[in-house]
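Below: the structure, in structure tokens.
The values are calculated or read from the model by the stated rules, or taken from the named source; none is laboratory data. None of the values given here were measured: they were computed from a predicted structure. Methodologically, a virtual Cβ is constructed for each residue, glycine included, from the backbone with ideal geometry; neighbour enumeration extends over all protein chains shown. Side chains are part of the model used for accessible areas, which takes the heavy atoms of the whole protein and leaves out ligands, DNA and RNA. Shrake-Rupley method; radii C 1.70, N 1.55, O 1.52, S 1.80 Å.
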Amino acid sequence: MTVRKGKRLGISIQEHMAIDVCPGPIRPIRQISAYFPRLSPTSSISEPLSPNLPGFPTVLGPGGGGGGVEGSGLLSPLLPGAAGGGGSLSAMSSMDTSIEIDSCDSDDNTSLGTLEFDLLYERATSSLHCTVLRAKGLKPMDFNGLADPYVKLHLLPGACKANKLKTKIVRNTLNPVWNETLTYCGITEEDMYRKTLRVSVCDEDKLTHNEFIGESRVALRRVKPDQTKHFNICLEHPPPLPSPSAMSAALRGISCYLREWETEQQRSLEERGRLLLCLQYLPPATEGEVKERAHGGLCVGVKRCAHLAAMDVNGFSDPYVKTYLKPDVHKKSKHKTAVIKKTLNPEFNEEFFYEISFSELSTKTLEVTVWDYDLGKSNDFIGGISLGCHSQGETLQHWIDCLKNKGKKVERWHTLTNELPGSSLHE
């Protein structure tokens, strides 16, 4: 190209960047594994190795002669099909690609270890027992080549802190043995059908945050009631979260819509917690019998709660339970348990007695509510249930079983709801 004197050559910014950044063909970037020779079973041991690329004979200089070295005199790999040592670009690309695939330096190809545990669901007590036995061949996480592993359990979907269980920590080992049983209370058959148990192994680090080693997820519907099921599984990396940016522009709107729909479904399935309630109707004492409650009445036992919703900023609650027998004209039916601090799975074991005749129970409704205690401000409502002849579902069945079995204790787990019809949810 000839340019007349006095006229400047106009170059666009695109051409300028192409000239400066892309002066020639782009060569592939070598992996660090290319500098460490790994002989395959088919390669010859006597074959000389190059410091630039393992497994290929080298020649000196661009001329390929064994005599004088021209140009830079650097060692370069002699590729198959190349004349005089000048290898082609396609051959170099294929070689680098094959080395990257065969390399085992990536964490994805590294074994995280195996975990052994048992699962048992007891239908009578609505409890799920997970016995964590041992782990083998865990990935080293500390500078000494060992780890301080422990196991965490989560029920999905659900609140994280409400259903987290944790084993003890075994120090300085890659093959820990726990033999520890962790128990979930208040697990219904519906939970066993739709929930998943996440079992994760972590390494404790006192100076920094704990490190994640691996996890595995087990659908609880694989566990049959009252039968122990043994698991010996390989730990895996957590599944990646789906990202709309990885999709085409036409599918991004659909992905965002589906994500919002899944969020709404998750919120609809979100529970306020579970309550274990014991009901017993004590008939009046007959002649010759000595009873503390001679007139008879309803005994309400508040046993425990499980998986309560977190109401405080620390991720926990300070729960207590209130009971009413409505309609309460004289406002004397209120009973309240003690407050248990900083927990989502409180155990109360308190009983309250309402002196009432059996015929009057058909017109009464037992209201049980769970609250979070807050100092200096109004308490937060967590959830509640109503039991009576006008209730529905499991609460109605529990009330009927109590009336049918006079003198016997009837225990039942109940799912708390976030609102009660006709009730005031203020302290």
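Can you go through Leu366, Leu396, Leu361, Leu387 and tell me which one is closer than 28 Å to Ile187 by Cβ and part of a helix (DSSP H, G or I)?
Among Leu366, Leu396, Leu361, Leu387, only Leu396 is closer than 28 Å to Ile187 by Cβ and part of a helix (DSSP H, G or I).
Count, please, the residues in segment 312-338 that happen to be open to solvent by 60 Å² or more (accessible area, probe 1.4 Å) and of a type in the set (A, V, I, L, M, F, W, C).
Number of matching residues: 2.
Checking the condition assigned by the TED database to the domain that holds Val199 and in contact with a Pro (Cβ under 8 Å, 6 or more places away or on another chain), which residue from Leu138, Leu156 passes?
Exactly one of Leu138, Leu156 is assigned by the TED database to the domain that holds Val199 and in contact with a Pro (Cβ under 8 Å, 6 or more places away or on another chain), namely Leu138.
Restricting to segment 202-225, name every residue that is open to solvent by 100 Å² or more (accessible area, probe 1.4 Å) and either in a strand (DSSP E or B) or more than 27 Å from Asn144 (Cα to Cα) (or both).
Arg217, Arg221, Arg222, Lys224
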